[in-house]
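Undergrad: Got a structure for you, written out below as structure tokens; questions coming shortly.
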Amino acid sequence: MDPPPRRLAAPLLLLLLLLAVAPPAAQAWKRDEFRNCNQTPFCKRARTRAPHSLDAPLSLSAGSLAGSPDGSISAELSHPSRPRPLVLRLSALPPHALRLQIDEDYSTAAPSHRRFQVPDVLLPDLEARTLHLAEPKTAGGVSTVALSSNLDVVVKHDPFELTVRRAGSGDPVLSFNSHGLFDFEPLQVSKPEEETWEENFRSHTDKRPRGPQSITFDVSFYGADFVYGLPEHGSTSLALRPTRGPGVEESEPYRLFNLDVFEYLHESPFGLYGSIPFMIGHGARGSSGFFWLNAAEMQIDVLAPGWDEAATPENGRIDTLWMAEAGVVDAFFFVGSEPKDVVKQYISVTGTPAMPQQFATAYHQCRWNYRDEADVDGVDAGFDEHDIPYDVLWLDIEHTDGKRYFTWDHSAFPNPEVMQRKIADKGRKMVTIVDPHIKRDSSFHLHQEATEKGYYVKDANGNDYDGWCWPGSSSYPDMLNPEIREWWADKFSYENYKGSTPTLYIWNDMNEPSVFNGPEVTMPRDALHYGDVEHRELHNAYGYYFHMATADGLLKRGEGKDRPFVLSRAFFAGSQRYGAVWTGDNSADWDHLKSSIPMVLTLGLTGLPFSGADVGGFFGNPEPDLLVRWYQVGAFYPFFRGHAHHDTKRREPWLFGERRTAIIREAIHVRYSLLPYFYTLFREASVTGIPVMRPLWLEFPDDKETYNNGEAFMVGPSILAQGIYEEGQKSVSVYLPGKESWYDLRNGSPYKGSVSHKLPVLEDSIPSFQRGGTIVPRKDRFRRSSTQMLNDPYTLVIALNSSNAAEGELYVDDGKSYDYQQGAFIHRRFVFADNKLTSLNIAPDNLGKKKFTSECVIERIIILGLRSGAKKAIIEPGNQEVEIESGPFSLRSGSSPVVPTIRRPNVRIADDWTIRIA
């Protein structure tokens, strides 16, 4: 059996079990506890195949393409050795995405079990948005279908190959099976007596009653300098490194298999807590993307040039090999002139991210565990005493009655509602943990009900699956079943979750699902779900369905009026619709701080903009300087939370001396001042899917210097930051892309673009800059929580470009409800040009009848890069004259007047107005 991934268990029986199975030094991730490719038969088989092989069953041929009434085009894929053919279906989505579906033909000689197609991930209106494809044109064994005005799909019939190419030039963009590695192992009707399908790993046996059913194919990205995506794995490289081929040392593919990994490695293609099989290729010639909707274990190779022994590897082409244990081919090809196009197309398929409540975008304080109500009171008071804002206090598993979720330890938390209300009186919220394992205790009402209703996942013999997790013996709700998800959602009502209040939100952990005594610390692959689906077929989506059911529960609790906040550790494609994720159980070391940047950036690129890493590292005791540097970086994460293991020393921000407390306070204050900007970016993400925290190349797609920069990052289009990732570092090189100037976020000092700047490392901040040509809204008065900043005035920071122009946006709503969907919001664009600042309404007027108003005003306008010596400005309407004077860049104590400032123009954010520099 595998050791538990973290946290010592309280029950004595569980403790004895864990001591029996854990090695003496279970303090680091151990490679041999998890399968590698050679120990995974489908991966090992796929990797031994040579490209362009004509051996059966790889060399499939495609029959004639035929149009269907629904606008799609179909064909038969066959080979004499196959028991039945495959059916291929091509369809198109606007503006120019191609969907490729391949499954077995069940019309003849069908097995008793059909292959699993993942439900409830793609948007329900996808078929309605499908475009009508024109009849294919066939000549010389090749058929061509127009995908859009500038893209074609080319199908080579024998052997089968598919290419998306540019219509005018004929240049390929993406191809499928161009190396002839497509294989689709057929389901078996019955098990041959002379063959065994069992697979063994360590002490576990997977009986595989339905035989091998893997799928393999190659996908090539043309015109790509790098490929990105495939979370989740630890890496300090933003681009995916080659895993096979000449000069490659790492021989393991990128693994997508949701696992509870104990203290994961910061440099490894090994799979972690979530899986999104989406890859983006980018280069100077454009961007493309490939998404495979499949929830089975997946292994993906990024192949180095010359991997196929080509004498002269093609420049600007990256080949990849995709391998999955089960499922079907349901794949999407995306093409864009720039990477944002590709991200938007992926989001159009899997759904836009949920719009969070305002409080959720602020700072969260967590520990495993705050001991009792007195501890909670003390931590809450400590933030106030040290003038450090925070919005959310979290409780881990020890707050429950014996690890029974939806309960409270009444000796430690006798008055949970009173505790929550005291926090709420300061505008703050609380979060409690709810995991998927249910304690198998006959006196526990939740277990009784799930057992009676038959709501648990079954083992291979059809009995309720019994595994070990924090409560000891546990069972797991079958979240694939919509009825069970609805049942679970009801458990979050105030009647069912005694002691909960409207200001309590939820944290889903361990939902990979984690099973301490299971193979690789997870559920056996031959466990059975709703519809006779094996766990191997949906493993990577289990946490997604759990996250969905929990978010639906909070939505029902609030009668559809309150936006849920649910943090999930496991995730899959589409998880962005239900809440936030984090990078899991990281460690308190500099490498994990550094790797958090590409990890969070990758999550954003693949649809999950609301993510972050545990500030300070979950495991271990960060040295004070590391903790300070982590807060300075974490202030720019979309999800900003400090968290720690219960074996670590307490690390509330004021425990490291006055100087470090002041620096951490300043980092958190930076986040709170930028909350209007962050909230505006979350609004953009909820509409377009463009992430809040972005790789540099997402904003500068033509700048090759940005393509593999995983140390610096953008927050929206306007702010660039780079962490300090080494102990005792004295200087740092920061590349500022683009032709325009950048302005230091500390003092407004200008720096040239398209230049790497060697900067001294400062103790009190990390390098961070505002891009010339942008306007950033801030709130500079600091309160105890974001809720108490609601009516505070705004500051606009205008950073002029070389044309003396700039623009930016501000989005405001009530911060909590869904009224914004009916028009109840303010959305302004600020434009500075010709020495005039204009506020424009960009909110559509046809969204609904609800309105949102605000009396908030702008109290300061800072203008960086203003060349004239102007001393006055005129506000219209009203012809009011105000002075331009030297003012502080921030309102913090000790800030000196250094920047041109229009003080107290007091124009309302909801109004149209102009301010002209006289």
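Undergrad: What are the residues in region 705-737 that are open to solvent by 20 Å² or more (accessible area, probe 1.4 Å) and not in a strand (DSSP E or B), if any?
TA: Restricting attention to region 705-737, the residues satisfying the condition of being open to solvent by 20 Å² or more (accessible area, probe 1.4 Å) are 705, 708-709, 711, 717, 726-731, 733, 735.
Passing the criteria: E705, N708, N709, E711, P717, E726, E727, G728, Q729, K730.
Undergrad: Sticking with this structure for a sec: Of the numbered conditions (1) of a type in the set (D, E, K, R); (2) closer than 25 Å to R208 by Cβ; (3) in contact with a strand residue (DSSP E or B) (Cβ under 9 Å, 6 or more places away or on another chain), R89 satisfies every one except a single condition; which is it?
TA: (2)
Undergrad: Which numbered condition in (1) farther than 20 Å from A712 by Cα; (2) without any contact (Cβ under 8 Å) to a residue 60 or more places away in the chain is the only one that V812 fails?
TA: (2)
Undergrad: In region 96-119, what residues are among the acidic types (D, E) and either surrounded by 18 or more Cβ atoms within 10 Å (Cβ to Cβ) or under 35 Å from the mean Cα position of the chain (by Cα) (or both)?
TA: From region 96-119, those among the acidic types (D, E) are 103-105; that's our starting set.
If the condition is that a residue be among the acidic types (D, E) and either surrounded by 18 or more Cβ atoms within 10 Å (Cβ to Cβ) or under 35 Å from the mean Cα position of the chain (by Cα) (or both), then D103, E104 are the ones that fit.
Undergrad: Further question: Looking at region 808-830 only, could you name the residues that are crowded, with 19+ Cβ neighbours inside 10 Å and under 30 Å from K752 (Cβ atoms)?
TA: Those that are crowded, with 19+ Cβ neighbours inside 10 Å and under 30 Å from K752 (Cβ atoms): G808, E809, L810, F830.
Undergrad: When only residues in region 501-519 that are open to solvent by less than 10 Å² (accessible area, probe 1.4 Å) and among the polar types (S, T, N, Q) count, which is farthest from K561 (Cα to Cα)?
TA: Here is the first cut: in region 501-519, the ones open to solvent by less than 10 Å² (accessible area, probe 1.4 Å) are 501, 504-516, 518.
Checking which are among the polar types (S, T, N, Q) leaves us with 501, 508, 511, 514.
Details: T501: 15, N508: 22, N511: 27, S514: 33 Å.
Looking at the filtered set, the residue picked out is S514.
Undergrad: A follow-up question, please. Tell me, which residue of region 151-170 that is out of contact with any Leu (no Cβ under 9 Å at 6 or more places or on another chain) and modelled with pLDDT under 95 is nearest to D319 (Cα to Cα)?
TA: Step by step, filter region 151-170, then rank; the result is G170.
Undergrad: Which pairs turn up if I take residues in region 102-119 that are free of Cβ contacts under 8 Å to residues at least 40 places away in the same chain and look for partners that are open to solvent by 20 Å² or more (accessible area, probe 1.4 Å) and of a type outside the set (D, E) with beta carbon separation below 6 Å, at least 6 apart in sequence or on another chain?
TA: D105/P85; D105/V87
Undergrad: Taking V692 and the conditions (1) surrounded by fewer than 19 Cβ atoms within 10 Å (Cβ to Cβ); (2) modelled with pLDDT of 95 or more, which numbered condition does it fall short on, given that it satisfies the others?
TA: (1)
Undergrad: Which one is nearest to Y363 (Cα to Cα), of the residues in region 386-400 that are of a type in the set (A, V, I, L, M, F, W, C) and not in a loop (DSSP other than H, G, I, E, B)? Please lay out each step first, then the result.
TA: Taking region 386-400 and keeping what is of a type in the set (A, V, I, L, M, F, W, C), we get 388, 392-395, 397.
Keeping just the survivors that are not in a loop (DSSP other than H, G, I, E, B) gives 392-395, 397.
Numbers: V392: 7, L393: 9, W394: 11, L395: 15, I397: 21 Å.
Looking at the filtered set, the residue picked out is V392.
Undergrad: Can you find, within region 365-419, the residue that is most open to solvent (accessible area, probe 1.4 Å) among those that are of a type in the set (G, A, S) and touching a residue at least 60 places away in the same chain (Cβ under 8 Å)? If you could, list the steps in order and put the result at the bottom.
TA: First pass over region 365-419, keeping only residues of a type in the set (G, A, S): 374, 378, 381-382, 402, 411-412.
This time we only want the ones that are touching a residue at least 60 places away in the same chain (Cβ under 8 Å), so: 382, 402.
Numbers: G382: 5, G402: 34 Å².
Here the answer is G402.
Undergrad: Restricting attention to region 887-903, report how many residues are under 14 Å from V797 (Cα atoms) and either in contact with a strand residue (DSSP E or B) (Cβ under 7 Å, 6 or more places away or on another chain) or of a type in the set (A, V, I, L, M, F, W, C) (or both). Give the steps one after another, and end with the answer.
TA: Restricting attention to region 887-903, the residues satisfying the condition of being under 14 Å from V797 (Cα atoms) are 887-891, 898-903.
With either in contact with a strand residue (DSSP E or B) (Cβ under 7 Å, 6 or more places away or on another chain) or of a type in the set (A, V, I, L, M, F, W, C) (or both) added as a condition, the list becomes 887-889, 891, 898-903.
The total comes to 10.
Undergrad: Across region 439-458, what is the number of residues that are touching a Pro at 6+ places or on another chain (Cβ under 7 Å) and under 15 Å from P513 (Cα atoms)? Full working, then the answer.
TA: Quick first cut of region 439-458, residues touching a Pro at 6+ places or on another chain (Cβ under 7 Å) only: 439, 450, 455-456.
Filter once more, keeping what is under 15 Å from P513 (Cα atoms): 439, 456.
Of the residues in that region, 2 qualify.
Undergrad: Confirm whether G327 is at positive phi, assigned to a loop (DSSP other than H, G, I, E, B), open to solvent by less than 20 Å² (accessible area, probe 1.4 Å) and in contact (Cβ under 8 Å) with a residue 40 or more places away in the chain.
TA: Working: at positive phi: yes; assigned to a loop (DSSP other than H, G, I, E, B): yes; open to solvent by less than 20 Å² (accessible area, probe 1.4 Å): yes; in contact (Cβ under 8 Å) with a residue 40 or more places away in the chain: yes.
Here the answer is yes, as G327 does meet what is asked.
Undergrad: How many of the residues making up region 270-305 are open to solvent by 10 Å² or more (accessible area, probe 1.4 Å) and under 21 Å from V600 (Cα atoms)?
TA: 1
Undergrad: If you don't mind, another one. Is it fair to say M548 is closer than 30 Å to F332 by Cβ, of a type in the set (A, V, I, L, M, F, W, C) and more than 22 Å from the chain's Cα centre (by Cα)?
TA: Numbers: closer than 30 Å to F332 by Cβ: yes; of a type in the set (A, V, I, L, M, F, W, C): yes; more than 22 Å from the chain's Cα centre (by Cα): no.
So M548 fails the test.
Undergrad: Any residue that is surrounded by fewer than 24 Cβ atoms within 10 Å (Cβ to Cβ) and assigned to a helix (DSSP H, G or I) - is there at least one of those in region 573-589?
TA: Yes: region 573-589 contains one or more residues that are surrounded by fewer than 24 Cβ atoms within 10 Å (Cβ to Cβ) and assigned to a helix (DSSP H, G or I).
Undergrad: Restricting the search to region 123-139, which residues are assigned to a loop (DSSP other than H, G, I, E, B), in contact (Cβ under 8 Å) with a residue 12 or more places away in the chain and of a type outside the set (S, T, Y)?
TA: L123, L126, H132, L133, A134, E135, P136
Undergrad: Just give me the residues in region 497-513 being closer than 30 Å to F257 by Cα and touching a Lys or Arg at 6+ places or on another chain (Cβ under 9 Å), in sequence order.
TA: First, the residues of region 497-513 that are closer than 30 Å to F257 by Cα: 505-513.
The answer is Y505, W507, N508, D509, M510, N511, E512.
Undergrad: Answer yes if at least one residue in region 644-661 is buried (at least 23 other Cβ atoms within 10 Å of the Cβ), touching a residue at least 12 places away in the same chain (Cβ under 8 Å) and within 30 Å of I276 (Cα to Cα), and no otherwise.
TA: Quick first cut of region 644-661, residues buried (at least 23 other Cβ atoms within 10 Å of the Cβ) only: 644, 653.
Now restrict to residues that are touching a residue at least 12 places away in the same chain (Cβ under 8 Å): 644, 653.
With within 30 Å of I276 (Cα to Cα) added as a condition, the list becomes 644.
Scanning region 644-661 turns up at least one residue that is buried (at least 23 other Cβ atoms within 10 Å of the Cβ), touching a residue at least 12 places away in the same chain (Cβ under 8 Å) and within 30 Å of I276 (Cα to Cα).
Undergrad: Within region 873-897, track down each residue that is at negative phi and open to solvent by 80 Å² or more (accessible area, probe 1.4 Å). Full working, then the answer.
TA: Here is the first cut: in region 873-897, the residues at negative phi are 873-877, 880-893, 895-897.
Residues satisfying the conditions are P877, Q880, E881, E883, S893, P897.
Okay, residues lined up against (1) in contact with a Pro (Cβ under 9 Å, 6 or more places away or on another chain); (2) at pLDDT below 95; (3) of a type outside the set (S, T, N, Q); (4) farther than 30 Å from R563 by Cα:
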site	(1), (2), (3), (4)
T661	yes, no, no, yes
H669	yes, no, yes, no
D703	yes, no, yes, yes
Y707	yes, no, yes, yes
L736	no, no, yes, yes
P750	no, no, yes, yes
V755	no, no, yes, yes
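Undergrad: Can you spot a residue in region 738-758 that is in a strand (DSSP E or B), within 24 Å of E267 (Cα to Cα) and out of contact with any Gly (no Cβ under 7 Å at 6 or more places or on another chain)?
TA: Keep residues of region 738-758 that are in a strand (DSSP E or B), which gives 742-744, 750-751, 755-758.
Now restrict to residues that are within 24 Å of E267 (Cα to Cα): none.
No, because not a single residue in region 738-758 is in a strand (DSSP E or B), within 24 Å of E267 (Cα to Cα) and out of contact with any Gly (no Cβ under 7 Å at 6 or more places or on another chain).
Undergrad: Then there's this: Could you list all residues from region 478-495 that are open to solvent by 10 Å² or more (accessible area, probe 1.4 Å), closer than 19 Å to D562 by Cα and in a loop (DSSP other than H, G, I, E, B)?
TA: Listed by number, the residues that qualify are K491, S493, Y494, E495.
Undergrad: Still on this model: For region 647-699, give me each residue that is assigned to a helix (DSSP H, G or I) and charged (D, E, K, R).
TA: Matches in region 647-699: E658, R659, R660, R665, E666, R671, R683, E684, E699.
Undergrad: Still on this model: If we scan region 432-440, do we find a residue that is of a type in the set (S, T, N, Q), in contact (Cβ under 8 Å) with a residue 24 or more places away in the chain, outside any helix (DSSP H, G or I) and open to solvent by less than 10 Å² (accessible area, probe 1.4 Å)?
TA: The initial filter retains those residues of region 432-440 that are of a type in the set (S, T, N, Q), namely 432.
Among the residues that remain, those that are also in contact (Cβ under 8 Å) with a residue 24 or more places away in the chain are: 432.
Subsequent filtering for residues that are outside any helix (DSSP H, G or I) retains 432.
Filter again for open to solvent by less than 10 Å² (accessible area, probe 1.4 Å), leaving 432.
For region 432-440, residues of a type in the set (S, T, N, Q), in contact (Cβ under 8 Å) with a residue 24 or more places away in the chain, outside any helix (DSSP H, G or I) and open to solvent by less than 10 Å² (accessible area, probe 1.4 Å): present.
Undergrad: Considering only residues that are more than 21 Å from the chain's Cα centre (by Cα) and at negative phi, which ones fall in region 719-733?
TA: Answer for region 719-733, where residues must be more than 21 Å from the chain's Cα centre (by Cα) and at negative phi: I724, Y725, E726, E727, Q729, K730, S731, V732, S733.
Undergrad: Would you pick out the residues in region 746-790 that are within 27 Å of the chain's Cα centre (by Cα) and open to solvent by 60 Å² or more (accessible area, probe 1.4 Å)?
TA: The answer is T787, and nothing else.
The values are calculated or read from the model by the stated rules, or taken from the named source; none is laboratory data. Just so it is clear, the model here is predicted, and its values are computed rather than measured. Ideal geometry is used to build each Cβ from the backbone, glycine not excepted, and the neighbour counts take in all protein chains shown. Accessible surface is based on the protein model in full, side chains and every heavy atom, while ligands, DNA and RNA are left aside. Shrake-Rupley method; radii C 1.70, N 1.55, O 1.52, S 1.80 Å.
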